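Asker: This is the structure I have questions about; it appears just below.
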Amino acid sequence: MRAVVRDRYGPPDVLRVEDVPMPSPVSGQVRIKVAATSVNLSDWEGLRGSPAYARIGGLRTPARRTLGSDIAGVVDQLGEGVTQFQIGDEVYGDNLALMGGFAEYAVAPESVLAHKPTELTFAEASTIPQAGAIALQGTQRAVPGRRVLINGAGGGSGSFAIQLAKRLGAHVTGVDNAAKQDFMMSMGADAVIDYREDDFSRSAAPYDLILDLVAHRSVFAYRRALARGGRYRCAGGTVRTLLRVVTAGSVVGRATGRSIGVLVVKQGPSHFEPLAARCATREVRIHIDRTFALDEVPAALAHVGEGRALGKVVVSTSLG
Ligand SMILES: NC(=O)c1ccc[n+]([C@@H]2O[C@H](COP(=O)([O-])OP(=O)(O)OC[C@H]3O[C@@H](n4cnc5c(N)ncnc54)[C@H](OP(=O)(O)O)[C@@H]3O)[C@@H](O)[C@H]2O)c1
């Protein structure tokens, strides 16, 4: 089968398409004939080995030759002991531990997969697991009339998060680069900030909830951006910032009547299926910026990693 592989961390040109042996599912796993795999910032981070947390499990050499974790496709082989799926089932899920989605076939534990809603295409379903889990958990404390800020709101998780926070009745501010301002408004943002022009942490009216997808500021900046009683959670960013948030952030937050911490995203179908159900009824919109073919994976990753994507980007196999 064809797969996009790499042997070292680096820019997109370390990737190449190769004929590799078909993977075989072990106990508790299924093999999926991949139809579509969406690109997440975590794929870009895993490609480059940066931030440092992207090297967990493979400090010098990548532990996974093939990236791609948000997979949608059809089950074509069952490992021993699989109980939830049968051959021919249409499935989707976030295969973050094994990855392998930028290929014609991938194996995944059945525990990370769900049955694909029939209302969603494979491409649409592939956009939901990782970004959806982050968006659902990152916005669950949004409440009517309160001010929510989403930093990095023009990407995959952010485009879902804007819509979810709006539907909970919050006043939503989206922060991203200039090219994504109109897009964030179209997703429902009440206000937008171009991060290259303005610093949200110096905004006059502080926020009640901040979901930060690309954290790189000091904990004092986050404290300043929060109203008393407010909550800041970062899902991604520089390792230095994440460490500071975990250590100094909780102390500074507690001392000043705020909560500052990292969003450790819970994974698995129960954390993304509620969003898929809302996408299936079209209550929440899925915005696919571009679809790439398997041999265009380097360009697909660069499109996301270099910040050109509005919402989600999908890689579709010829089998899809
Ligand atoms: N906590 C967990 O358990 C967990 C699990 C999985 C993933 N994650 C993380 O969650 C995050 C989700 O990202 P995603 O997939 O939604 O990414 P994405 O689609 O790439 O969106 C990120 C957005 O942030 C923008 N951005 C970059 N620098 C910025 C800055 N300084 N200020 C404001 N916006 C900025 C990017 O645009 P430009 O680059 O064009 O400016 C892009 O639009 C990633 O950091 C990922 O590593 C966390």
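The values are calculated or read from the model by the stated rules, or taken from the named source; none is laboratory data. Because the structure is predicted, anything quoted here is derived from the model rather than measured. We place every Cβ from the backbone using ideal geometry, glycine too, and count neighbours over all the protein chains shown. For the accessible areas, the whole protein counts, side chains as well, though only heavy atoms, and no ligand, DNA or RNA atoms are used. Shrake-Rupley method; radii C 1.70, N 1.55, O 1.52, S 1.80 Å.
Asker: Need one number: nm distance between label points at residue 182 and residue 277, each 7 Å from Cα along Cα→Cβ, rounded to one decimal.
Answerer: Going from the residue 182 label point to the residue 277 one covers 3.6 nm.
Asker: When only C-alpha pairs under 8 Å and at least 6 residues apart count, what is the relative contact order of the stretch 180-320, in percent?
Answerer: About 16 percent, as a whole number.
Asker: At what distance in angstrom do the alpha carbon centres of the stretch 129-159 and the stretch 234-258 lie from each other?
Answerer: That distance is 18 Å.
Asker: Provide the gained length on full extension for the span residue 13 to residue 285, in nm with one decimal, where the gain is 0.36 nm per separating residue minus the Cα-Cα distance.
Answerer: Stretched fully, the residue 13-residue 285 segment lengthens by 94.6 nm.
Asker: Under 10 Å, Cα contacts only: if you run a Gaussian network model on the chain, which one of 305, 100, 58 comes out with the highest mean-square fluctuation?
Answerer: Taking springs between Cα atoms under 10 Å, the residue moving most is 58.
Asker: Which loop GluC sites (Glu not before Pro) in the stretch 234-320, with loop taken from DSSP, have no more than 12 other Cβ atoms within 10 angstrom of their Cβ?
Answerer: Counting only loop positions with at most 12 other Cβ atoms within 10 Å, the GluC sites (Glu not before Pro) in the stretch 234-320 are 283, 306.
Asker: Among 160, 183, 102, determine the one that fluctuates most according to a GNM of the chain built with springs between C-alpha atoms less than 10 Å apart.
Answerer: Maximum fluctuation in the GNM of the chain, among the listed residues, is at 183.
Asker: Continuing with the same structure: Going down the table (33/166; 166/312; 33/312), which pairs top 26 Å between alpha carbons?
Answerer: Where the Cα-Cα span goes over 26 Å, the pairs concerned are 33/166.
Asker: Run the numbers for residue 60 and residue 255: contour at 0.36 nm per residue of separation, minus the present Cα-Cα distance, in nm.
Answerer: So the chain would gain 66.2 nm between residue 60 and residue 255.
Asker: Also, I was wondering about something else. Based on the Cβ-Cβ distance of residue 197 and residue 263, what FRET efficiency does E = 1/(1 + (r/R0)^6) give at R0 = 25 Å, to the nearest 0.05?
Answerer: With a Förster radius of 25 Å, E is 0.40.
Asker: Can you give me the C-alpha center-to-center distance between the stretch 165-208 and the stretch 291-320, rounded to a whole angstrom?
Answerer: Result: 26 Å between the Cα centres.
Asker: Okay, next question. With a 1.4 Å probe and all protein chains kept in place, how much accessible area does residue 128 have, in Å² rounded to the nearest 10?
Answerer: 0
Asker: Continuing with this model, one more query. Quickly rank 138-145, 110-117 as a protection proxy: mean count of other C-beta atoms within 10 Å, highest first.
Answerer: Descending packing order for the listed peptides: 110-117, 138-145.
Asker: Okay, moving on. Given 247, 221, 203, which one lies farthest toward the positive end of the charge dipole of the stretch 196-256, if we put +1 on the Cβ of every Lys and Arg and -1 on the Cβ of every Asp and Glu?
Answerer: 247
Asker: Report the charge-dipole magnitude of the chain in Debye, nearest 20, computed about the Cα centre from +1 at each Lys and Arg Cβ and -1 at each Asp and Glu Cβ.
Answerer: My answer is approximately 1540 debye.
Asker: Okay, next question. Quick one: of the DSSP bridges fully inside the chain, what percent are antiparallel, nearest 5?
Answerer: Of those bridges, close to 50 percent are antiparallel.
Asker: For the chain, what relative contact order do you get, as a whole percent, if you take Cα pairs closer than 8 Å and at least 6 residues apart?
Answerer: 19
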